[in-house]
Amino acid sequence: MKELRNGLFTLLIAAFLFQSCSLVPIIGRRQLSLVSDADMLSMSFVQYGQFLKENKLSTNTSQTNMVKGVGRRIQNAVATYFARNNLSQDLNGFAWEFNLIENKEVNAWCMPGGKVVVYSGILPVTQNETGLAVVVAHEIAHAVAKHSNERMSQALVAQLGGQRLAAALQQKSQQTQQIWMSVFGVGVQLGAVLPYNRLQESEADHLGLIFMAMAGYDPNGSVEFWQRMSHNAGAKPPEFLSTHPSDENRIQKIKSEIPEAMKYYKQ
Ligand SMILES: [Zn+2]
């Protein structure tokens, strides 16, 4: 009897997880999505506001303007790309924001809904506007491909299992918030950061190349940026590489995608 009950329970969880898979048209695959888009957005806006309160905005006007300028151009490119593919409704609820904070970590991220933060420590690696466009377009690509929902959902299942899942899914649950922090690597120890997986990295590279090209930045800058970033990985790898693990194949794959991206590039 007990076995039957356990079996039924497993079946229920499996059915629940199956139902919770949704198709993300921009990347053309189904992904586990246990948190609604509306909840992801409201969590994002709260956490982003909180992060900005606790961190120092850069006082360097020209660098700040560069971040906002590059951000707007990528934002417009994303809107155009989504409109061309009849996906504009997927950007509903976005409230784009681009901020540069004073922090020597080599890092940048985009929370759901277009909430971007660039750390001043990454600017020596990006070096110029094109390098910055690589990073911003890549981060935005993760966001529009809903990778954070997927990573949160996987972490929720792995860490909590079926039984406590329902409770944790309430937006204000402490566990949900902790997982959120580890997804974006904010306010947690390095070891607790959840890296993107190889598929997610490759999806973000691909879309990022297209977005930056449409925004008027030469996609070849992407190869140069990742080469500089990997040379940067000394004794203590940059924060950015712990969330965005890189390997030799990556740069080769990016190179092979440049001809496609060049079709979107207008000088
Ligand atoms: Zn990435």
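Any read-out appearing in this document is the output of simple, stated calculations on the displayed coordinates, not a laboratory observation. These numbers were taken from a predicted model, which means no experiment stands behind them. Here the Cβ is made from the backbone with ideal geometry for all residues, glycine too, and neighbour counts use every protein chain on show.
Go ahead and run the numbers for FRET between N249 and V157, Cβ-Cβ distance against an R0 of 30 Å, rounding to 0.05. The pair N249/V157 has a calculated efficiency of 0.60. Taking other residues whose beta carbon is less than 11 angstrom from the beta carbon of A215, and scoring Lys, Arg as +1 and Asp, Glu as -1, yields +1. Close amide H partners of L57, meaning residues 5 or more places away or on another chain with modelled amide H under 5 Å apart, are E102.
If you find the alpha carbon centre of region 200-267 and of region 68-128, how far apart are they in angstrom? Taking the Cα centre of each part, region 200-267 and region 68-128 sit 15 Å apart.
Stretching L87 away from K263 to a fully extended chain increases their span by 61.3 nm, per 0.36 nm per residue minus the current alpha-carbon distance.
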